[in-house]
Amino acid sequence: NPCYNAPAMDKLDSILWHVTKPARYTGGELNSVRKEWNATALHVVLAYPDVYEIGMSSMALPILYDVINRDRDSLAEHVFAPWVDMEAAMRQRGLPLFSLESKRPLSDFDVVGFSLSYELTFTNVLNMLDLAAIPVLAADRPDTGPLVIGGGGAAMNPEPVADFFDLFVIGEAEDILPRLLPLLREYRGRRRELCRTAASLPGVYVPAFYDVTYRTDGALERFEPNRPEATPTIQRQIVARLPPPVVAPVVPYIEIVHDHAAVEIQRGCSRGCRFCQATTLYRPVRERSHEEVIDAVGALLE
């Protein structure tokens, strides 16, 4: 099958019977999208820096996967952090971190997009980049290498990991992705030029284009652009109206943390509980109608 990377498949076959839950790494799930590599201009791998069972329970990944794959000139695949036994076997056999759909190494993709849900996964990001043979520091990456993008709830404060990402999308991505994808295609293989162009988009933060200093207590002291393309402030992106719910998500072969079909009935919450991240990050509240939720449930079950 020309969609697949045959050398990786051969090495994978020799590994899977040694590791726990091999279905974490096989791909081929119901509703997974497998486009011809050479028939698409832009190749994106959506990376979740935790194990398969947690990443497949994310509500963000199906939305991004759907938006990108609905674009006829773009391809999106998945990758998750391997468990420790799989990581050891991959390093021993020299198998770089690969996508589930085509089994291609992450270094073959134009974009590696990390969905950052919580801070404890930050070290997994670095380990995944290392497993993929992609330089961990953005400043060390060649201009022709993959663009490493961060987004999600934990990217609202990106400074702790700013040195490792080429750019961040701050806020919700549904509206900005249709504007970003054409730029990613146009400037593929020209990372620095792409960053200069994308920096003018609302919600895009390119850390290399800013000078940031801190006080001795760790508080932010100065945040200033050092290039004309960079805006003085980064505006968090908010989707005014929720897009249609995903009704054909990728269905895993194994039990995941949230082992059910999910419908996003609302984004944000008006209760304002102080312990809750979502009540702050995803305000204002946007709700779906009862009819839309019921229709989505029916479509999912079908």
In the range 56-109, which residue that is part of a loop (DSSP other than H, G, I, E, B) and acidic (Asp, Glu) is most open to solvent (accessible area, probe 1.4 Å)?
-> Asp73
Check off (1) open to solvent by 70 Å² or more (accessible area, probe 1.4 Å); (2) at pLDDT below 90 for Pro243 and give me the number that stays unchecked.
-> (1)
Looking across the range 69-120 at residues that are among the hydrophobic types (A, V, I, L, M, F, W, C) and farther than 22 Å from Val136 by Cβ, the single one that is nearest to the chain's Cα centre (by Cα) is Ala76
Quick one: Ile134 ticks every box in (1) touching a Gly at 6+ places or on another chain (Cβ under 7 Å); (2) touching a residue at least 40 places away in the same chain (Cβ under 8 Å) except a single one, so which number is it?
-> (2)
Hey, any hits in the range 202-213 for a residue that's free of Cβ contacts under 8 Å to residues at least 60 places away in the same chain, in a loop (DSSP other than H, G, I, E, B) and loosely packed, with under 14 Cβ neighbours inside 10 Å?
-> no
Can you tell me which residues in the range 252-283 are over 23 Å from the mean Cα position of the chain (by Cα) and either touching a residue at least 60 places away in the same chain (Cβ under 8 Å) or exposed (fewer than 14 other Cβ atoms within 10 Å of the Cβ) (or both)?
-> Ser270, Arg271, Gly272, Cys273, Arg274, Phe275
Val247 passes all but one of the listed conditions (1) β-branched (Val, Ile, Thr); (2) closer than 24 Å to Asp175 by Cα; (3) in a helix (DSSP H, G or I); the exception is number (3)
Working only within the range 148-201, note down all residues that are among the aromatic types (Phe, Trp, Tyr), open to solvent by 20 Å² or more (accessible area, probe 1.4 Å) and either closer than 23 Å to Arg283 by Cβ or modelled with pLDDT of 95 or more (or both).
-> Phe164
Please give the number of the condition Thr123 fails out of (1) under 25 Å from Ser58 (Cβ atoms); (2) in contact with a helix residue (DSSP H, G or I) (Cβ under 9 Å, 6 or more places away or on another chain); (3) polar (S, T, N, Q).
-> (2)
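The values are calculated or read from the model by the stated rules, or taken from the named source; none is laboratory data. Remember, it's a predicted structure, so these values are computed and weren't measured experimentally. Glycine also receives a Cβ, built like all others from the backbone with ideal geometry; neighbour counts cover every protein chain displayed. To get the accessible areas, we keep the full protein, side chains included, count just its heavy atoms, and leave off ligands, DNA and RNA. Shrake-Rupley method; radii C 1.70, N 1.55, O 1.52, S 1.80 Å.
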